[in-house]
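Asker: Here it is, the structure, as structure tokens.
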Amino acid sequence: MSRRSRKEIDLPAVLFHIVCRGNNQKKIFRDSRDYRKILKILKETKEKHPFYLYSFNLIPNHYHLEVETREVSLSKILHQINTSYVKYFNRRYNCSGHLFQDRFYCVVVDKETYFWELARYIDLNAFRANLVKKPEDYRWSSFLVYARIKNEIPKDLIDEGRFLQYWGEREDLEKVRQNYLKFVLEGIKIKKEPSFIADKKFL
């Protein structure tokens, strides 16, 4: 995939893989309350600055998002999310200064080629980091939504219907969902990273 300018990636209907890391690889989530807070902020940001969220994984020192922009730029969306979370974190832990690295990792992803592959990469992130033995065991991942496992993820945070309908509105969405779960689990055996990971864009 080719590199794109800042102006281009702030256009609507662009699919992104986003990673925000803790400064100096420090933890940004220390306990369950922190994970719940970032999920609440994501939901509130979606309501204020609408965007589509297809997958996420919250790791102790970073988080992954699969986002498709709408009218609002990606920069504005992430500024709202990270600023809100930093205020909460600093207030709760009585600290100050940078929580996140100055630049977030952002890849513009080809929807036609990598739509499911990006979601799979994100949904397997905690598993590949050896935080759990099975993807469905991780509490802070969108995989629980697709797998219909009881979770603490806010209702409608994940745009599941749009994600599944991308493969054809006339198809049986339950069958599509099952195919996606199978696709994710098949990815456990794949050691090579997807090609879009090498095509980085830092903002």
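Asker: For residue 102, which of the numbered conditions (1) within 13 Å of residue 57 (Cβ to Cβ); (2) modelled with pLDDT under 95 fails to hold?
Answerer: For residue 102, the failing item is (1).
Asker: Would you please list the contacts, defined by Cβ atoms under 8 Å and residues six or more apart or on different chains, that run from a residue in region 172-190 that is among the basic types (Lys, Arg) to a residue that is loosely packed, with under 13 Cβ neighbours inside 10 Å?
Answerer: none
Asker: When residues of region 105-121 are filtered for being at pLDDT below 95, of a type in the set (D, E, K, R) and within 12 Å of the chain's Cα centre (by Cα), how many remain?
Answerer: Selection size over region 105-121: 0.
Asker: Hey, could you check region 82-115 for residues that are polar (S, T, N, Q) and surrounded by 15 or more Cβ atoms within 10 Å (Cβ to Cβ) and say which is farthest from residue 26 (Cα to Cα)?
Answerer: Step by step, filter region 82-115, then rank; the result is 84.
Asker: Name the single residue, out of those in region 34-81 being charged (D, E, K, R), surrounded by fewer than 18 Cβ atoms within 10 Å (Cβ to Cβ) and over 27 Å from residue 24 (Cβ atoms), that is modelled with the lowest pLDDT.
Answerer: Ranking the qualifying residues of region 34-81, first place goes to 71.
Asker: For residue 101, indicate whether it is of a type outside the set (Ser, Thr, Tyr) and under 16 Å from residue 40 (Cα atoms).
Answerer: no
Asker: Next question, about the same structure. Output the residue which, of all residues in region 18-33 that are outside any strand (DSSP E or B) and closer than 21 Å to residue 76 by Cα, is modelled with the lowest pLDDT.
Answerer: 23
Asker: I need a count of the residues in region 122-144 that are buried (at least 20 other Cβ atoms within 10 Å of the Cβ) and either closer than 22 Å to residue 40 by Cβ or modelled with pLDDT under 95 (or both).
Answerer: 10
Asker: Also: Test residue 104 against the stated conditions and say whether it is farther than 24 Å from residue 144 by Cα and touching a residue at least 60 places away in the same chain (Cβ under 8 Å).
Answerer: yes
The values are calculated or read from the model by the stated rules, or taken from the named source; none is laboratory data. Everything quoted here is computed from the prediction, not taken from an experiment. For neighbour counting, all protein chains shown are included, and Cβ atoms are generated from backbone atoms with ideal geometry for every residue, glycine included.
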